[in-house]
Amino acid sequence: MNINVMSALAESNRMQIVELLRECPLTVGEIAERLQLRQPQVSKHLRVLSEAGIVEAEVDANRRIYRLRPDPFRELDDWLERYRVIWEKRFDRLDDYLQKLQDKEKRS
């Protein structure tokens, strides 16, 4: 797992930008307007997201249209999968335990 991706996503404004871009590609101005942030501030956040490989920009005349890159999210999902397996095993054991308790109560 790329620590730069985790670090970039840890900041709340950048997470909000990612959530917006999840819906559709947007320009810096559109992001700034929707989040009610100043454009230079949004540009700085986008630079961090871009350096982490989370977003990419397409140049259209004098506009830059930002969109999410899927690769970092696949890597994040792969990394999280290892923890999902652990939790699923624990939930399965809890389910077995609760089932035994219910069976005991029915017999009583």
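The values are calculated or read from the model by the stated rules, or taken from the named source; none is laboratory data. These numbers were taken from a predicted model, which means no experiment stands behind them. When we count neighbours, we look across all protein chains shown, and the Cβ atoms used for this are built from the backbone with ideal geometry, even at glycine. Side chains are part of the model used for accessible areas, which takes the heavy atoms of the whole protein and leaves out ligands, DNA and RNA. Shrake-Rupley method; radii C 1.70, N 1.55, O 1.52, S 1.80 Å.
Worth pointing out:
- Calculated accessible area for the range 16-59 comes out at 59 Å² per residue, all protein chains present (probe 1.4 Å; ligands, DNA, RNA ignored).
- In the chain, taking the dipole from charged Cβ atoms about the Cα centre, the farthest positive-side position among N13, L98, Q41 is held by L98.
- The range 1-42 - percent of accessible surface contributed by carbon and sulfur, probe 1.4 Å: 45 percent
- Placed amide H near V55: partners under 5 Å, 5+ positions off or other chain: S50, R69
- Evaluated with a Cβ-only charge set (Lys, Arg +1; Asp, Glu -1), the chain carries a dipole of roughly 320 debye about its Cα centre, given to the nearest 20.
- Crossing angle, helix 39-51 versus the chain [Cα axis fit, 0-90 degrees, rounded to tens]: 60 degrees
- Accessible area (Å², 1.4 Å probe, nearest 10) - Y97: 130 Å²
- For the chain, the convex hull drawn through the C-alpha positions has a volume of 132 cubic angstrom per residue.
- Helix 70-107 vs. the chain, principal-axis angle (Cα, 0 to 90°, nearest 10): 20 degrees
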